[in-house]
Amino acid sequence: MVGPRHPKSHGPGAHAVARRTALGLIIGAPLLSACSGVQNPFEQSVAPAGPPQQPAVAGNGQVKVGLILPLSASGNAGVAAQSMKNAAEMALAEFQNPNIQLLIKDDAGSPQGAQQGAQQACDEGAEILLGPLFAGSVPATAQVARTRNISVIAFSTDSSVAGRGVYLLSFLPESDASRIVDYSAGVGKRSFAALLPDNAYGTVVEGAFKTAVSRRGGRIVAFEKYSGDRTMAARNVAQALGGADALLLADDGEAVVATADALTTAGANLRNIQLLGTGLWDNPRVYNSASLQGGLYAAPDPAGFRAFAGRYRTRFGGDPVRTATLAYDAVALVAALARTQGNQRFAPDVLTNASGFAGIDGLFRFRSDGTNERGLAVMRVGSGGGQAVAGAPKSFSAT
């Protein structure tokens, strides 16, 4: 049974943001770069650009929460970290009188920095840790947290680093693949083909795709992966498309356009098949591609991010990175739990509530294995951008 998610019951007064964040989530029965955030574009180790930033504190509540980000890392990673820090502070400002204090630590984009930041936050009384951003830094953070018997809500998209007490609040590609297959099967598609990159992202999508097709009673008539040269893989898939109802192409904007072009060159008529994609399709290159028009992809409802980005621009004078909503939702979530859940506020049973929580990007819930499930919309590629054809679910089932 889904618990009530009425923001006026839990939180931030008149702020419209309450309708979209973890403020209205909670738990009435046993029951939250410019690309869409399916794939963390900063999922790598980065050398620091300079000396680590000094620790900082935001908020003056009694419940202490560690926030670990690569603030001094070079390039896009440091830019993302600053945007996420801004979003975290924005969540504090928009949540009415939160009883939390953020202990902000710079991990410099390294596991050693993350371990040091986690240790400092725990020594200062943190009851839960938010971050880090990079997969390589999550185990180092988790090692510290487990010695203190506290949980971690990290922002990595690599589900292999999830586990006992380590929850990922990120956009996982397996959620996209499951959602788009489920939707396609629901509108009558039974025979599927896929052409995926031969990398870690493609491997995750492959597993979710095959599981979802089997679960829905479908069949896979062609499956290929490519690395540098797509020619042979595209030719093999093109030859089998006559027996397929839908074709999954899971890659980022530029690469997926190149894949579609390779299929066309190999003789495929992409207008005769339903193209499917992941949230990485939320990209101008995809919208400008004639070959991909009408393709469907799974992604968070963009309305939430648009509203968030508008408020962010008003406060900070610039655009947020796409992953900034993760930091916002993490802070809003812990603030809501601190307000409503007493001494058990960050216990595993609370964090893994089957009803989930409502965030900027729609519904989400943590699984006991540390991965997450998101309520995703289905979008159609058009020349002006993505157009919703199926809304995100308003609730999760109880299982």
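If I stretch the segment between Gln62 and Arg219 completely, what's the gain in nm (0.36 nm per residue apart, minus their alpha carbon distance), one decimal?
In short, 51.1 nm is gained.
Each Cα pair under 8 Å and six or more residues apart adds its sequence gap; the mean of these over the residue count of segment 321-399 is a relative contact order of 21 percent. Could you do me a favour and compute the accessible area per residue for the chain, 1.4 Å probe, result in Å²? It amounts to 39 Å² per residue over the chain. All other residues with a Cβ under 12 Å from the Cβ of Leu241 taken together, and with Lys, Arg as +1 and Asp, Glu as -1, what is their net charge? So the surrounding residues net to 0. Apply the Debye scattering formula to segment 180-302, with a single equal point scatterer on each alpha-carbon and no solvent, then give log10 I(q)/I(0) at q = 0.14, 0.15, 0.21 Å⁻¹. Each listed q maps to, in turn, -0.51, -0.59, -1.27.
Straightening the chain between Arg190 and Asn269 buys 26.6 nm, computed as 0.36 nm per residue apart minus the Cα-Cα spacing. Applying 1/(1 + (r/R0)^6) with R0 = 35 Å to the Cβ-Cβ distance of Ser74 and Gln344 gives a FRET efficiency near 0.30.
Residues with beta-carbon under 14 Å from that of Gly113, excluding Gly113: net charge, scoring Lys, Arg +1 and Asp, Glu -1? That works out to -1. Applying 1/(1 + (r/R0)^6) with r as the Cβ-Cβ distance of Gln120 and Asn199 and R0 = 41 angstrom yields a FRET efficiency of 0.70. Net charge near Arg345: determine it from the other residues with C-beta under 9 Å of the C-beta of Arg345, scoring Lys and Arg +1 and Asp and Glu -1. Residues close to Arg345 contribute a combined charge of 0. Across the accessible surface of the chain, with the other protein chains kept in place and a 1.4 Å probe, carbon and sulfur atoms take up 47 percent. Site pair Arg313 and Ser160 shows an inter-label distance of 3.9 nm when each label is modelled 7 Å from Cα along Cα→Cβ. Here the relative contact order of segment 196-337, from alpha carbon pairs under 8 Å that lie six or more residues apart, stands at 17 percent. Estimated from helices alone, the mean residue ellipticity of the chain at 222 nm is -10500 deg cm²/dmol (sum of -39500 (n - 2.57) over DSSP H runs with n ≥ 4, per residue). Between Asn236 and Glu254, full extension at 0.36 nm per residue minus the direct alpha carbon distance yields a gain of 4.3 nm.
The values are calculated or read from the model by the stated rules, or taken from the named source; none is laboratory data. These figures come from a predicted structure and were not determined experimentally. Note that each Cβ is placed from the backbone with ideal geometry, even for glycine, and that neighbours are counted across all protein chains shown. Quick note on the areas: whole protein, heavy atoms, side chains included, nothing else; ligands and nucleic acids left out. Shrake-Rupley method; radii C 1.70, N 1.55, O 1.52, S 1.80 Å.
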